[in-house]
Amino acid sequence: MKAIQYYGPQNIKLEEVMVKPPQEGEVVVKVMAALTCGTDVKTFRRGHPVLIKNIPSGFGHEFSGIVEKVGRSVEEFKPGDRVVAANSAPCGECFFCRRGEYNLCENLNLLNGAYAEYITVPARIVKKNMLILPDHLAFEHAAFCEPLANVVHGVERTGIKPGDSVGIIGIGPIGLMFARLAKLKGARVIAAGRNPLKLKMADEFAHADEIIDLTKYPNPEKIFKSFSQEEKGLDIAVECVGLPEIWERIFTCVRPGGTVHFFGGCKSGSTVTFDTTKMHYGDITMMSVFHHTPKYFRMALDYIASGKVEVEKLITATLPLEKVEYAMTQHIEGKALKFLIKPNN
């Protein structure tokens, strides 16, 4: 098969490689739709010690497709089934899994290799995190299940209530999906960013109540508060950028008694500084949520299949497998939200 192989930062190659035959419990999926992701872009730029453990490695992790072959003991799936699979599955046995904190599993079974004509899905993911698609659901829509599952997890844990003022800085695909789900929870959503393409999607996809162009309003603290009830500050402030300086600024936007959700992951080793008086005497909740669980992966599929989250609006363009490196560079230049990669045109 043709597949993108990752050799190191800014070093990926389209090569002919063998399809890994399915072992017991495994499934080979013909990839019908794969999506580019911010994590893939970060990996392309500087590597990723968790996702990429061996070189060369498969690349890409958001996909859907058709079951091609099944290994021994696979009973839930058969060749021809239309499926979507997550990029991980928890072990169910470690310290964190025994407490139901599956996203923190010490032995997460991770999967890469979506930028390829076929992908072999590990047995644990087949068992816990691969789903049959509804007949009406297009492959390119279903491929959004993994990124949306992360957002569903974040939104559910944040505890957004109808009428809450929710401010979001960072409106890439993740921030935009967070804004959309917050709207579905009945919140008043204020989205802030700089990129014209993303600002447009804050309206057309997320249906945000207020959209702040930070190139015109460089002081998000002041304008976020101006859109909050009685200008007290946001009920919930969400950081979806992953920069320490933005973590610190978003903290100042929340009202006493509010919640700050640091959803964007910063570079390893980063540190931040907060005003402890504001935090303690302001009774502020600070939180972060990492990754997804089988529960939230299923909820993501339901959101997409119902049409409540029109994920197709986030697709910038459709590209063949040969254009994955071009897609990475377009992301780096800020010219894309997500590319749809079709390995089997």
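Values for this structure:
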{"read-out": "Considering residues of the stretch 50-81 that are of a type in the set (S, T, N, Q) and assigned to a loop (DSSP other than H, G, I, E, B) only, the residue surrounded by the fewest Cβ atoms within 10 Å (Cβ to Cβ)", "value": "54"}
{"read-out": "Where a residue in the stretch 137-163 is over 30 Å from residue 66 (Cβ atoms) and its partner, wherever it lies, is surrounded by fewer than 24 Cβ atoms within 10 Å (Cβ to Cβ) and among the basic types (Lys, Arg), with Cβ under 6 Å and at least six apart", "value": "160/185"}
{"read-out": "Residue selected from the stretch 193-208 under the condition surrounded by fewer than 16 Cβ atoms within 10 Å (Cβ to Cβ) and either of a type in the set (Asp, Glu) or in contact with a strand residue (DSSP E or B) (Cβ under 6 Å, 6 or more places away or on another chain) (or both), by the criterion nearest to residue 160 (Cα to Cα)", "value": "203"}
{"read-out": "Residue count for the stretch 141-159, restricted to those that are within 13 Å of residue 261 (Cα to Cα) and in contact with a strand residue (DSSP E or B) (Cβ under 8 Å, 6 or more places away or on another chain)", "value": "4"}
{"read-out": "Failed item, numbered, when residue 228 is tested on (1) among the polar types (S, T, N, Q); (2) under 21 Å from the mean Cα position of the chain (by Cα); (3) under 21 Å from residue 161 (Cα atoms)", "value": "(2)"}
{"read-out": "Enumerated helices (runs of 4 or more DSSP H) restricted to the stretch 141-259, each holding at least 3 residues that are at pLDDT 95 or above, small (Gly, Ala, Ser) and closer than 30 Å to residue 102 by Cβ", "value": "173-184"}
{"read-out": "Which listed residue is surrounded by fewer than 22 Cβ atoms within 10 Å (Cβ to Cβ) and touching a Phe, Trp or Tyr at 6+ places or on another chain (Cβ under 9 Å), from 168, 132", "value": "132"}
{"read-out": "Counted residues, the stretch 115-129 - those being in contact with a Phe, Trp or Tyr (Cβ under 9 Å, 6 or more places away or on another chain) and in a strand (DSSP E or B)", "value": "2"}
{"read-out": "Flag for residue 152 being closer than 17 Å to residue 265 by Cα, among the β-branched types (Val, Ile, Thr) and surrounded by 24 or more Cβ atoms within 10 Å (Cβ to Cβ)", "value": "yes"}
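The values are calculated or read from the model by the stated rules, or taken from the named source; none is laboratory data. Note that this is a predicted model, so its numbers are computed, not measured. No Cβ is skipped: glycine too gets one built from the backbone with ideal geometry, and neighbour counts run over all protein chains shown.
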